[in-house]
Every structure is written in C-alpha cells, then in structure tokens.
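The structure under discussion appears below in the form of structure tokens.
The values are calculated or read from the model by the stated rules, or taken from the named source; none is laboratory data. The model shown is predicted, which means the values in this text are computed figures rather than measured ones. Every residue, glycine among them, receives a Cβ derived from its backbone with ideal geometry; neighbour counts consider all protein chains shown.
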Amino acid sequence: MLKTLLTACLLVCSVASVAWAQRGNPALTQAQIKEAEQRLAELGYWTGRVDGVFDVGSRSALIAFQKWEGRTVNGRLSVDELEVLRSGEAPKPKDPGYEHVVWQATVKEMTPESLFSFTWHPYGVDPKVDYSKEEPTLVEFRLTPAGRGTLLVITESGFDHIPAHRRMEALRMNTMGWEAQTGNIAKHVSQGP
C-alpha cells in the first residue's frame, strides 16, 4: 500500500521533464530501458506505459524503488541500477499482521502537478469480507503553488457510505494511517529529488 501511494505521489509531485529524464541514461538502449520499466512494474511500481522511453512515470517508479531499497535516490537509470532491478524483490509489508492485505484502488484522475485522486475501501483488512460490495471513499491529493513551494491538501470523502457497523473503526484506523502517510510524504519531500 505504501509503495503504491508513494509512487502515485511521486508521479504527481514530479517536476522533471521527459528530456531531463532521458538525459540521465544515455548509455542504455531502448531495450534496456524497456526491461527496467517491465521489471519495475513486476515489482509493483507504477511506471506508466512500458515502452522503452524513460519518462516521468518511469523515473518516479525508479525513485520509489531506490528509496524502498535504501539506495542513492537520484532517479537516474544506469547499467548498475538495471542490475539491481534484475535481482530486486517486491517490497514486503512493513506492518506485521497485514501481510494478507492486498491494497486495491482505482485511479479516478491524474493531472500532473495538480491533482491525483483514487477510490478505495478504507480499513478493508478482514480476509473474510468482500469489500467490493461497499461504495468506496474518494481520496484527492491537490497541489497548488504556495509562495516558493507547493501546498498539498489531502481530502477523503464518502465515509458516510461505509456500513455503520464498521464506519467508526475504519475512520479511526484511516486517520492513523493518513497521519503516517503524510509523515512519509514530508520525509520524502525533505530528501529532495
């Protein structure tokens, strides 16, 4: 869940141009770039189209991979990074007891550098429950220029549609989760590109 959310945030927050991204990997062939994109996708990082073009989506996925693996975070695809990707493993849940949870979300809108939104079922962790029968909530990440920086506003709506018997627990757990995620975003932003 964290890696998907982080990858999505990175995509929205990225200000690098395609030309800059491609300049970071002049020694790689299109086939090698496509292999790297495919491998990132297999590991669970969203790259956009797997087409051999190292664009903003590919770079954002690579940055998420580099952060998760504790590597130097520079968003540059090199032969060394490709080798690490070839032997990489998909991230494992950091929170014990949630290994069975498969985070599912539906992207609703992506407007680079201004909006990312998705729907999901908050606190859908009971393996015996089919949450797809419930109406999901809508999460929006809105970015607006603010002085010399950017203001990020995260809103989630639709809790009134969660069944009453689980609404308060979902809201409580969701609030704790968003506190942790906003901390992760702040940590990411403070580390720079």
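Residue-by-condition table, conditions (1) within 18 Å of the chain's Cα centre (by Cα); (2) farther than 19 Å from residue 181 by Cβ; (3) in a loop (DSSP other than H, G, I, E, B):
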| site | (1), (2), (3) |
| --- | --- |
| 82 | no, yes, no |
| 93 | yes, no, yes |
| 102 | yes, no, yes |
| 106 | yes, no, no |
| 110 | yes, no, no |
| 125 | no, no, yes |
| 129 | no, yes, yes |
| 132 | no, yes, no |
| 135 | no, yes, yes |
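Considering each residue of segment 168-177 in turn, at least one proves to be within 20 Å of residue 67 (Cβ to Cβ) and either modelled with pLDDT under 90 or in the same structural domain as residue 66 (by TED's automatic domain parsing) (or both).
Selection of segment 56-108 for residues being surrounded by 14 or more Cβ atoms within 10 Å (Cβ to Cβ) and aromatic (Phe, Trp, Tyr) yields 65, 68, 103. Checked against (1) modelled with pLDDT of 90 or more; (2) over 26 Å from residue 126 (Cβ atoms), residue 182 passes all but a single condition, namely (2). In segment 139-169, the qualifying residues are those that are in contact with a helix residue (DSSP H, G or I) (Cβ under 7 Å, 6 or more places away or on another chain) and assigned to a helix (DSSP H, G or I), and the one that is farthest from residue 119 (Cα to Cα) is 167. Scanning segment 32-48 for residues that are in contact with a Ser or Thr (Cβ under 9 Å, 6 or more places away or on another chain) and free of Cβ contacts under 8 Å to residues at least 40 places away in the same chain turns up 37, 38, 41, 47, 48.
Quick check on my filter: what residues within segment 126-152 are of a type outside the set (S, T, N, Q) and in contact (Cβ under 8 Å) with a residue 12 or more places away in the chain? Once the filter is applied, which keeps residues that are of a type outside the set (S, T, N, Q) and in contact (Cβ under 8 Å) with a residue 12 or more places away in the chain, segment 126-152 yields 127, 134, 135, 136, 138, 139, 140, 141, 142, 143, 152. Among the residues of segment 40-52, those that are more than 13 Å from the chain's Cα centre (by Cα) and either farther than 16 Å from residue 81 by Cα or surrounded by 20 or more Cβ atoms within 10 Å (Cβ to Cβ) (or both) comprise 49, 50, 51.
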